[in-house]
Amino acid sequence: ERPYVFVRGSHDPTSLQSDIAALPNGVVLDGTTEQVDGLTVYGLGHPAFTPARGAEVDAEEYEAEARAAGPAIADDLDELDEPPNIVAVHDDRMAEAVAGSVPLVISGHFHETTARVLNGTLFLRVGTTGGSGAGIFRGLDEIPLSAEVLYFSRGPEAQLVAYDVIEQLPDTGSLTVTRHLI
């Protein structure tokens, strides 16, 4: 079976991270790098833990905590012989410090699908496959369930060549797939 990669989010306790690491094929990245199906993936869990959804959080403090992870990520990547194909973080602001030195950053904190390029690095926010939780039952059904499928070239110089954004509206079941070529 193929491995699956987990990077701790802001609502994930470290005990969940430990539980996933104990599962067969579970790859937990937390300041570490692994080879996954021919790709080098670096990941770092979110520095803040906010256990209760809906608990009040100071947005500026939260953003500062996320950005403060940047130097640690840069230091970790400096230890590598080559930059990873993918940097996976919960909040893309954590990895802005390495923009220009890696090809791709994937994240999800904002529960929306977006793409932007910063200093030549593609930042993909990969949406939500249910991260808004029971919000779909509280009138937040305008947030589509979404996922992305990434396609890489094979070989020693693997590169992202395309990605599909798959969205489903919870209230209607309407499904769309949009391909983006790199």
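Coordinate-derived values only; no laboratory data. No experiment lies behind these values; they were computed from the predicted model shown. Every residue, glycine among them, receives a Cβ derived from its backbone with ideal geometry; neighbour counts consider all protein chains shown.
Couplings 3J(HN,Hα) for the range 78-86, derived from phi with the Karplus relation 6.51 cos²θ - 1.76 cosθ + 1.60 (θ = phi - 60°), are 5, 6, 7, 5, 9, x, x, 5, 9 Hz, where x marks Gly and Pro. Taking R0 as 30 Å, what's the FRET efficiency between residue 25 and residue 162 from their Cβ-Cβ distance, rounded to 0.05? Taking R0 as 30 Å, the efficiency between residue 25 and residue 162 is 0.75. From the alpha carbon centroid of the range 93-127 to that of the range 17-51 is 17 Å. For the chain, the calculated P(r) over all alpha carbon pairs, in 10 Å bins from 0 to the bin holding the longest distance, is 9, 34, 39, 16, 1 percent. Could you list the residues of the range 25-47 with an amide nitrogen less than 18 Å from a label point located 7 Å from the Cα of residue 154 in the Cα-to-C-beta direction? 36-40, by backbone N distance to the label point. In this structure, the amide hydrogen of residue 152, modeled 1.01 Å from its nitrogen in the peptide plane, lies closer than 5 angstrom to those of 161, counting only residues at least 5 positions away or on a different chain.
Projecting label points 7 angstrom from Cα along Cα→Cβ for residue 181 and residue 1 puts them 3.7 nm apart. The phi torsions of the range 104-113, fed into the Karplus equation with coefficients 6.51, -1.76 and 1.60 and a -60° offset, translate into couplings of 8, 10, 10, 8, x, 2, 7, 6, 9, 8 Hz, rounded to whole numbers, with Gly and Pro shown as x.
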